[in-house]
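Below is one structure, written out as structure tokens, with a few remarks after it.
The values are calculated or read from the model by the stated rules, or taken from the named source; none is laboratory data. These figures come from a predicted structure and were not determined experimentally. Here the Cβ positions follow ideal geometry from the backbone for every residue, glycine too, while neighbour counts run over all protein chains shown. Side chains included, ligands, DNA and RNA excluded: accessible areas come from the protein's heavy atoms. Shrake-Rupley method; radii C 1.70, N 1.55, O 1.52, S 1.80 Å.
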Amino acid sequence: MTDIGNGLLQLVPRAEARQSMKDFKSDQEVRWCPGCGDYAILAAVQGFMPELGLARENIVFVSGIGCSSRFPYYMNTYGMHSIHGRAPAIATGLATSRRDLSVWVVTGDGDALSIGGNHLIHALRRNVNLKILLFNNRIYGLTKGQYSPTSEVGKVTKSTPMGSLDAPFNPVSLAIGAEASFVARTIDSDRKHLTEVLRAAAEHPGTALVEIYQNCNIFNDGAFDALKDRQQAEETVIRLEHGQPIRFGAGLGKAVVRDPATGDLAVVTDTDENESRVLVHDAHAASPATAFALSRLADPDTLHRTPIGVFRSVERPVYDTLMADQLDVAHELLGKGDLGALLAGNDTWTVAG
Amino acid sequence: MAYVIAQPCVDIKDKACLEECPVDCIYEGPRKLYIQPDECVDCGACEPVCPVEAVFYEDDLPQELSAFRTADREVFDGLGLPGGARGHAPLAADHAVVDAVPAPSTT
Ligand SMILES: Cc1ncc(C[n+]2csc(CCOP(=O)(O)OP(=O)(O)O)c2C)c(N)n1
Ligand code: SF4
Ligand code: SF4
Ligand code: SF4
Ligand SMILES: [Mg+2]
């Protein structure tokens, strides 16, 4: 029977002894710029891993190219610093052929959405059992500060001296559009929230896309300050929790409702009259429509009304499982194959010299 | 692992480090600032900005200042992980190691 449920983590061997954060630190010197948000994400991931209790030999971090993609060096697990934009493709091969591995992808906004955009959307639609951590600093960090596919319109950089012309991608919208089964957003400096999101992603059977807002303090400093400053954050951050009415603002005085005329979402002042209209967040809704609408609430320039948390978490058949089932059926019908014989074939040519 | 604020900060406290910390884990005490070692993510941003070179990576702390590693850890006993200095009142008291540092002479 096809297992679309929670059994997938159980295929990964457990650690023999209790682990601590230290077990997940490698002996490599961490070489990001001092103050980079990547340090905070690394610490959160290393701090969270012991909770999973998986054998380190069965955990793999696959990255592409970029500052963020140096991540695998610093994890005391298996890892691969792979090809620009291709981490989802490599990880797909690994996850489908080795279901006893917990496979994580670390990618940047440039890596995932410029050169790797195609690989990303196909991994998402296939629902491969991957956990994709997309470090979004809205800039190319490694190559010293060119605008990226998530930079705001008009971004002035060395490559766009008069301001960028491109409309940015919203990675959460993109992932929901590709019908990703799990989509979440969190922030580098909010250790507690980041850890909660990692936990939910790790438990999800299928592709989990986690967008992590990450400060590049050298080339795009303060990009997410509107969400980090305690006072501003009350007005800018919408914390999504499954089953809870969506309220935010000082004293939770604002609420998200559905506009009856357009069907779209709107923000209103929370009053007794509209109390019953306040949208209750349903991350498990089969249709991605409301999750998509939530992802459009944020203003890409000011970041006002930015939802964080799990937008969507639904179960649907996992590619790895479907493929394993197909192989089982093929074995049953045709017996175990012989790859060597297949490659040699029985219809060969000899090239005469 | 964590960064540690040692003796040179005592009674200086210009707070340059505090501005730099991306996770807001540097807390103010009456005479010194303290790094919450379990919240510090080892990013190193605080170290180069300190005008009196008070900040050290834990492993690089000179032998004679090693008590400050204990001070930065123990001062948070009972406070746990406060989750950011900005929403937190300054620490009410210094660690004994800091109390033992003589006050600057006024002459
Ligand atoms: C095939 C190829 N094209 C372009 C580059 C140059 N390059 C290196 S990293 C990068 C983008 C990095 O941006 P991002 O993925 O956002 O990572 P960050 O450094 O910001 O973490 C580019 C364009 C490359 N290394 N290889
Ligand atoms: S360039 Fe930016 S993203 Fe890259 S290590 Fe430095 S601060 Fe981090
Ligand atoms: S920068 Fe140095 S002297 Fe100033 S508060 Fe920080 S540790 Fe103390
Ligand atoms: S090393 Fe980084 S995280 Fe730790 S106290 Fe210094 S600035 Fe903060
Ligand atoms: Mg980037």
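Odds and ends about this structure:
- Average projection area in nm² (convex hull over Cα atoms of the range A:155-267, one quarter of hull surface): 9.9
- Sequence-ordered 3J(HN,Hα) estimates for the range A:126-131 from the Karplus curve with 6.51, -1.76 and 1.60 and θ = phi - 60° stand at 6, 6, 6, 6, 10, 10 Hz, glycine and proline given as x.
- Unit charges on C-beta of K, R, D, E only; dipole of chain A, Debye: 640
- Under the Karplus curve 6.51 cos²θ - 1.76 cosθ + 1.60, θ = phi - 60°, whole-Hz ³J(HN,Hα) for the range A:189-205, x wherever Gly or Pro sits: 8, 9, 4, 5, 5, 4, 5, 4, 5, 4, 4, 5, 5, 4, 7, 6, x
- Between residue A:301 and residue A:16, the contour length at 0.36 nm per residue exceeds the Cα-Cα span by 97.8 nm.
- Translational diffusion of the range A:205-353 was estimated from the Stokes-Einstein equation, with Rh taken as the Kirkwood radius over Cα pairs; at 37 °C and 0.692 mPa s the coefficient is 166 µm²/s.
- For the protein assembly as shown, the ratio of Cα radius of gyration to the globular rule of thumb 2.2 N^0.38 Å stands at 1.10.
- Chain A: relative contact order as a whole-number percent, Cα under 8 Å and 6+ apart: 16
- Counted charge near residue A:65, where neighbours are those whose Cβ lies closer than 12 Å (Asp, Glu -1; Lys, Arg +1): +1
- Residue-level accessible surface for residue B:88, protein heavy atoms, 1.4 Å, Å²: 60
- Area accessible to solvent at residue A:196, 1.4 Å probe radius, in Å²: 90
- For chain A, calculated [θ]222 nm from helices alone, where every DSSP H run of n ≥ 4 adds -39500 (n - 2.57): -8000 deg cm²/dmol
- For residue A:106, distant residues with modelled amide H under 5 Å away: A:62, A:63, A:64, A:133
- Hz values of 3J(HN,Hα) by residue in the range B:44-61 - Karplus curve (6.51, -1.76, 1.60), Gly and Pro given as x: x, 5, 6, 5, x, 8, 6, x, 10, 6, 8, 9, 10, 5, 2, 6, 9, 5
- Between residue B:60 and residue A:274, the modelled labels are 5.4 nm apart [label points 7 Å from Cα along Cα→Cβ].
- Toward the positive end of the charge dipole of the range A:255-353, with +1 on the Cβ of Lys and Arg and -1 on the Cβ of Asp and Glu, the farthest Cα among A:344, A:293, A:268 is that of A:344.
- Reference-scaled alpha-carbon Rg (2.2 N^0.38 Å with N residues) for the range B:3-85: 0.96
- Inter-centroid distance (Cα atoms) of the range A:1-73 relative to the range A:129-189, Å: 23
- Distances between placed amide hydrogens fall under 5 Å for residue A:137 paired with A:109, A:214, all partners being 5 or more residues away or on another chain.
- Reachable aspartates and glutamates from residue A:254, criterion Cα separation under 14 angstrom, eight or more residues apart if same chain: A:234, A:235, A:270, A:272, A:273, A:275
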